[in-house]
Amino acid sequence: MPACQRTVKKAIVERLGAEYRVATLPETGPPAAVEVALLDDEATLSLDTSGTGLHRRGYRTLTGPAQLRETLAAALVQLSFWRPGRPLIDRSAGRGRW
């Protein structure tokens, strides 16, 4: 596995370096998980752009059982017609049901 990881990282760095026309890339940003799936002679790369789940980010000190996962609730709000500055009414008071 380490050899595969090195090869994938090298390929990503070379491609980004060529795209941005730089010789080196700083590794100062947040880590990004890259998953490699191999099938026959084809490789698929997946980049985790969402990070850890909202329930694991530590902003909430008191937790309890929830009917609806926070990530699903956040996605539903993003798919709705709600926009910043408009009131958001949660008729189910966070329970995820009526």
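The values are calculated or read from the model by the stated rules, or taken from the named source; none is laboratory data. A quick note: this is a predicted structure, and the numbers were derived from the prediction, not measured. With ideal geometry, Cβ positions are generated from the backbone for all residues, glycine too; neighbour counts draw on all protein chains shown. Accessible surface is based on the protein model in full, side chains and every heavy atom, while ligands, DNA and RNA are left aside. Shrake-Rupley method; radii C 1.70, N 1.55, O 1.52, S 1.80 Å.
Going through the stretch 20-39 one residue at a time, which ones are open to solvent by 70 Å² or more (accessible area, probe 1.4 Å), over 14 Å from K9 (Cα atoms) and out of contact with any strand residue (DSSP E or B) (no Cβ under 9 Å at 6 or more places or on another chain)?
Selection gives Y20, R21, A23, T28, P30, L39.
Can you tell me which residue is farthest from the chain's Cα centre (by Cα) among those in the stretch 16-75 that are of a type in the set (K, R) and at pLDDT 70 or above?
By that ranking, first place goes to R21.
Just to be sure I understand, how many residues within the stretch 40-54 are open to solvent by 70 Å² or more (accessible area, probe 1.4 Å), out of contact with any helix residue (DSSP H, G or I) (no Cβ under 9 Å at 6 or more places or on another chain) and either in a strand (DSSP E or B) or of a type in the set (K, R) (or both)?
Matching residues across the stretch 40-54 total 3.
Just wondering, is there one or more residues in the stretch 8-18 that are of a type outside the set (D, E, K, R) and within 28 Å of T71 (Cβ to Cβ)?
Taking the stretch 8-18 as the starting set, the residues that turn out to be of a type outside the set (D, E, K, R) are 8, 11-13, 16-18.
In the following step, the residues that additionally are within 28 Å of T71 (Cβ to Cβ) were identified as 8, 12.
For the stretch 8-18, residues of a type outside the set (D, E, K, R) and within 28 Å of T71 (Cβ to Cβ): present.
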